[in-house]
Amino acid sequence: MESVGVREIRQNISVYLRRVEQGEAFTVTDRGRPVALLAPLHNNDPMNDLVAAGLLEPPKQRAALPEPQQWDLPLQLSDEISLLRDEDLR
């Protein structure tokens, strides 16, 4: 978890609040001594827990996922499974 001083928080509070909204958490220090924790309120997502613990870095931007490929299969999956089972019974 990243530490940030009170003066830095005061000068850039909107920046830190945006980062907290994205799941990050910060230890706020006063003259080098930890005094507070700045973290998301309702943290029900395990991924956010990892980000807050400093074990995972949140993505900088969302990735566009490719469209799923369409497969033109000669048999349905259930038919293929039936054929495999029939072979096992022989």
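The values are calculated or read from the model by the stated rules, or taken from the named source; none is laboratory data. Not measured: the values here are computed from a predicted model. Counting neighbours? That spans all protein chains shown, and the Cβs are built from the backbone with ideal geometry, glycine included.
The residues of segment 41-60 that are modelled with pLDDT under 85 and either in a loop (DSSP other than H, G, I, E, B) or among the charged types (D, E, K, R) (or both), listed by number, are Leu41, His42, Asn43, Asn44, Asp45, Asp49, Ala53, Gly54, Pro58, Pro59, Lys60. Looking across segment 61-82, just one residue is surrounded by 10 or more Cβ atoms within 10 Å (Cβ to Cβ), modelled with pLDDT of 80 or more and among the aliphatic types (A, V, I, L, M), and that is Ile81. Among residues of segment 19-38 that are more than 23 Å from Pro58 (Cα to Cα) and among the hydrophobic types (A, V, I, L, M, F, W, C), those with a beta-carbon under 8 Å from a residue that is at pLDDT 90 or above and in a strand (DSSP E or B) at least six positions away or on a different chain give the pairs Val35/Val28; Val35/Thr29.
For segment 27-67, a residue qualifies if it is under 20 Å from the mean Cα position of the chain (by Cα) and of a type in the set (Asp, Glu), and the qualifying residues are Asp45, Asp49, Glu57.
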